[in-house]
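Q: This structure is in structure tokens; I'll ask about it shortly.
The values are calculated or read from the model by the stated rules, or taken from the named source; none is laboratory data. Fair warning: this is a prediction, and the values are worked out from it, not measured in the lab. Methodologically, a virtual Cβ is constructed for each residue, glycine included, from the backbone with ideal geometry; neighbour enumeration extends over all protein chains shown.
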Amino acid sequence: MGYLAPLLTPFLVAFGAALLLTPACRLAAMTLGVVDQPGDKKIHGQPTPLLGGVAIAIAQVAGVLAGGPVDRIWLSIPVAAGLILLLGIYDDLDPHAEGIRWWLRLIFEGFLAAIVINAGITINFLGTPWLSIPITLLWIVGITNAFNLLDNMNGLSAGVAAIAGLTFAAMAARYVEVGPEQLPTVRAGAALAGACLGFLPWNFRSRIFMGDAGSLFLGFSLACLAALGSWRSPTLPTSLVIPLLVLAYPIFDTTLVVILRLRRGQSPVVGGRDHSSHRLVKLGLGRVEVVLLIYLFSLSQALTALLVSSVTLRLSLLALLGSASVLFIFGMVLRKAPAWGVGASKEGPSRGQEAG
């Protein structure tokens, strides 16, 4: 287990920084009036400060820098993620306003994805840039919005991101000695997990929300980490399987919501309380129970990904099939649950509703 040593410094520094910065960002949000009011599609009952995402972002960068020097490729991630953080802050300044039109948001997110792709972060197992570049762009934009949509209950998005970040870091750390290019993934993943865990104590008590700024930052960063790691394994196809498993739950939740909204004849870019977490509450679970259950799902997918990195292609495909089957059955159950208030809102595809 000595290969996990490179994780410690980035993780601990980011954890401590987030633990200290989050109350400072809370105070700043209250002073500036950046507060999420209850009502509409919200499920929290009292005004709650935003800007928790700023604490997560600063803490994550601090953790990576504490781990040692960084290269040009990794630097492109915080630059682009910082710009998407500003996009989220723009929305958080007035959560009930229309904000930027959804198609303009997608264009901006695509531009930021192009920045990291130009720096050399691509899904490179496809063999040709004509395939790897557009698929990488779609992957980054898709995961960014999936995490933003997942941010609808206290601790949900941050906890799932922490599990994913630690998984990417641990998997990359296994191959640092034979592939030094994995070290940036180790540091960034561990720092992201530490930042999320340092933020969670404040978020779980409804003292502060990460807002769109935080969820967009987390989704963008994790999508880039998934493309940055080469995920050395017996076969190239497992390079596709591993990120899909690690980020299975955000993909599942977004897919479920889009399909069910289209079946109702509703635009998938509107807001609503019809996510998997909301449906689980309607089935009788408490909010904390729902979040912990989703953590368990995410952790099981992460452990499956760790297994896949050490087995043959046939076994890895069987693991992916088993995971997909479980999520499919789960989705079939959830679609029968009543949605917790469904209707149109002014939100775009990446505008989540964090709950208190």
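Q: When Thr312 is evaluated against the numbered criteria (1) over 17 Å from Ile251 (Cβ atoms); (2) modelled with pLDDT of 85 or more, which criterion, by number, is the only one it fails?
A: Unmet condition: (2).
Q: With respect to His96, is the statement that it is surrounded by fewer than 15 Cβ atoms within 10 Å (Cβ to Cβ) and modelled with pLDDT under 80 true? Explain how you work it out, then say what you get.
A: Values: surrounded by fewer than 15 Cβ atoms within 10 Å (Cβ to Cβ): yes; modelled with pLDDT under 80: yes.
So His96 fits the description; yes.
Q: Of the residues in segment 163-181, how many are free of Cβ contacts under 8 Å to residues at least 60 places away in the same chain and buried (at least 24 other Cβ atoms within 10 Å of the Cβ)?
A: Count: 1.
Q: Cβ-Cβ below 7 Å, separation at least six or inter-chain, first residue in segment 216-240 and part of a loop (DSSP other than H, G, I, E, B), second modelled with pLDDT of 90 or more: which pairs?
A: From residues that are part of a loop (DSSP other than H, G, I, E, B), the pairs are Gly229/Phe168.
Q: Moving on to the next point. Scan segment 315-356 for residues that are modelled with pLDDT of 60 or more and small (Gly, Ala, Ser) and jot them down.
A: If the condition is that a residue be modelled with pLDDT of 60 or more and small (Gly, Ala, Ser), then Ser316, Ala319, Gly322, Ser323, Ala324, Ser325, Gly331, Ala337, Ala339 are the ones that fit.
Q: Turning to a different aspect of this structure: Across segment 106-145, what is the total count of residues that are modelled with pLDDT of 95 or more and within 30 Å of Arg205 (Cβ to Cβ)?
A: The qualifying residues number 2.
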